[in-house]
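Below: one structure, written as structure tokens.
The values are calculated or read from the model by the stated rules, or taken from the named source; none is laboratory data. Just so you know, these numbers come straight off a predicted model, no measurement behind them. Neighbour counts run over all protein chains shown; Cβ positions are idealised from the backbone, glycine included.
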Amino acid sequence: MKKKTSKKIISVISIAILALSVVMFSIIIIARVKGEIPGVFGYSFHLVVTDSMSPEIEPDDMVVARKTDISDIKIGDDIVFVSPDPELKEMTIVHRVVDIRQDGGLVTQGVKQGAPVDNYPVYSIKGKAVSVSSFWGKVFKGMDEHRNIVFGVALLVLVIVIVDEIIHISLEVYRKKLENKKSETNENKEEE
């Protein structure tokens with residue numbers, strides 16, 4: 001009985017993980033097609049690629065940004081934005097707000113010692129940084145670098161779940177047929 005229950009629990013967990021993976025993959029694909037940064041429930045996730053925020057935020061850290069109206073940003077907040085500087089080719093940046101201009105533009109700067117103030121005001125942000133994780137940064141960077149392996153493992157899990165369900169359904173159908181045959185045999189014996 002315990003084996004059957006644990007097998008059902010594993011099956012439900014596998015299907016839930018698969019469904020979550022499909023949803024997350026769909027969100028990422030849709031956002032990428034639209035040219036947007038993927039986000040879930042108002043949060044977006046960004047891998048840091050430079051050391052401009054060192055030592056507070058290091059390269060390969062993951063920054064979680066909460067969608068925030070630019071008018072709610074204060075001096076000292078770390079924000080995520082797409083650089084308006086054409087030389088940076090629309091790179092996503094995490095920098096600290098050091099001043100707010102009269103026209104509402106944000107003046108930003110990295111916190112690394114000697115980092116210059118950015119030479120452009122920011123008028124549009126992706127969000128306010130609310131969390132930083134080195135661990136998740138490494139996980140997602142590894143997944144990105146080895147996306148074929150990750151896709152292969154996800155596909156393998158999907159195949160295993162599907163095959164397991166097919167076997168389970170086939171066994172149930174076979175068991176029902178046997179029960180029906182037994183039932184018919186017993187009815188025939190009773191009639192004789």
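General remarks:
- Screening the stretch 139-192 for residues that are modelled with pLDDT of 80 or more and acidic (D, E) and picking the one that is farthest from M24 (Cα to Cα) gives E179.
- Lone unmet requirement of (1) in contact with a Ser or Thr (Cβ under 9 Å, 6 or more places away or on another chain); (2) modelled with pLDDT under 85; (3) charged (D, E, K, R) for K2: (1)
- For the stretch 143-169, a residue qualifies if it is among the basic types (K, R) and surrounded by 12 or more Cβ atoms within 10 Å (Cβ to Cβ), but none of them does.
- Residue within the stretch 40-48 that is among the aliphatic types (A, V, I, L, M), in contact with a Leu (Cβ under 7 Å, 6 or more places away or on another chain), in a strand (DSSP E or B) and surrounded by 12 or more Cβ atoms within 10 Å (Cβ to Cβ) present: no
- Selection from the stretch 62-77 of residues that are of a type in the set (G, A, S) and either part of a loop (DSSP other than H, G, I, E, B) or farther than 21 Å from V111 by Cα (or both): S71, G76
- The residue list M91, M62 contains one member that is surrounded by 16 or more Cβ atoms within 10 Å (Cβ to Cβ) and either in contact with a strand residue (DSSP E or B) (Cβ under 8 Å, 6 or more places away or on another chain) or acidic (D, E) (or both), which is M62.
- One residue from F135, F140 being in a helix (DSSP H, G or I), exposed (fewer than 11 other Cβ atoms within 10 Å of the Cβ) and touching a strand residue (DSSP E or B) at 6+ places or on another chain (Cβ under 9 Å): F135
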